[in-house]
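Structure, as structure tokens:
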Amino acid sequence: MAETNLQVKGDFAKAQSIDFVERFGSNLSKLIEALGVTRKMPVANGMTIKTYTSTVTMAADNAVGEGETIPLSKVTTEQAGVIELAFKKYRKAASVEAIQRHGYDQAIIESDEKLLREIQKGVRTDFFTFLGTGTGTASAENLQGAFAQAWGKVQVLFEDDAAQTVAFVNPLDIADHLAKAELSVQTAFGLQYVQNFAGVDTVIINSSVPKGTVYATAPENIVLAYVQLTGGEIGKAFDFTTEELGLIGVTHDIEKKNLTAETVALSGVKLFAERLDGVVKVTIAPQV
């Protein structure tokens, strides 16, 4: 009879699942904190989310006399696009040869790390692609001017909210500035960022942003939508390990027919901007 509290292989698999989801959740939480996002939206798989643009038509600026009817100003909100939030499924396997070479724990950890990076990359890439659909525009001669334009545009677009500004820039556009300035570059969810730089509250640095372009918006315009994996019917059917919010589910198993140790992950996470006209794209165009 085995000793009480003996650690067995299944215990390690469970621990690795916990480590995977906690790292994903912790990394994403750091990014959300850096972006200043406060809006988190749990939704059902397959649910569609609408994004909007809005315009304001002010009434003629004429003095209204005593007893006269005040002319109407008009705010028009139009649907700009639809986002479908769907599950993304991932699976990878460590072979018996890899397990023999590196040991069970190490083989799983190494391949899990690569899978985690790719899942995070997918969330980041989707977000930057979405920012590219923003409808606000501006131009500047250099990066300093681009940040100034980004700040100014965001203040105008969100003037009622005393908005902060979060900007996104390609590493090649900011490299020279970082080399000359004494700045603390931080990392979250595989992204590098700088706070309080050139009048912008947060600058996110990533190669997914096109060179020569700065994206900018207000933190309150960014929403984290996710399919919640904790509990419910999914919890009845699958033994996923999840973190607190249920942003991602992970399970480990042994596949005997091909002698592999598999990791299966399920997630439905999307970062998006609710107002596309609230996303400004500033083009850096030096004069010649």
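The values are calculated or read from the model by the stated rules, or taken from the named source; none is laboratory data. Quick caveat: nothing in here was measured; it's all calculated off a predicted structure. Neighbour counts run over all protein chains shown; Cβ positions are idealised from the backbone, glycine included.
Tabulated results
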read-out: Which numbered condition LEU224 misses (of (1) in contact with an Asp or Glu (Cβ under 8 Å, 6 or more places away or on another chain); (2) at pLDDT 90 or above; (3) not aromatic (Phe, Trp, Tyr)); value: (1)
read-out: Any hit, the stretch 217-227, residues being touching a Pro at 6+ places or on another chain (Cβ under 7 Å), in contact (Cβ under 8 Å) with a residue 24 or more places away in the chain and either not in a loop (DSSP other than H, G, I, E, B) or not β-branched (Val, Ile, Thr) (or both); value: yes
read-out: Tally of residues being part of a strand (DSSP E or B) and over 26 Å from GLY278 (Cβ atoms) across the stretch 163-195; value: 1
read-out: Residues (of a type in the set (Phe, Trp, Tyr) and either closer than 15 Å to ALA15 by Cα or in a helix (DSSP H, G or I) (or both)) located in the stretch 228-274; value: PHE240
read-out: Test: residue in the stretch 182-194 that is among the aromatic types (Phe, Trp, Tyr) and on the phi > 0 side of the Ramachandran plot; value: yes
read-out: Looking only at the stretch 23-40, and only at residues there that are modelled with pLDDT of 85 or more and exposed (fewer than 15 other Cβ atoms within 10 Å of the Cβ), the one that is farthest from LEU271 (Cα to Cα); value: SER26
read-out: Leading residue by the ranking (surrounded by the most Cβ atoms within 10 Å (Cβ to Cβ)) among those in the stretch 124-144 that are more than 22 Å from the chain's Cα centre (by Cα), closer than 23 Å to GLN195 by Cβ and in contact (Cβ under 8 Å) with a residue 60 or more places away in the chain; value: LEU143
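Yes or no, residue by residue, for (1) out of contact with any Ser or Thr (no Cβ under 7 Å at 6 or more places or on another chain); (2) among the charged types (D, E, K, R); (3) in contact (Cβ under 8 Å) with a residue 24 or more places away in the chain:
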| site | (1), (2), (3) |
| --- | --- |
| GLY235 | yes, no, no |
| ASP239 | no, yes, no |
| THR242 | no, no, yes |
| HIS252 | no, no, yes |
| GLU262 | yes, yes, yes |
| LEU266 | yes, no, yes |
| ALA273 | no, no, yes |
| VAL282 | no, no, yes |
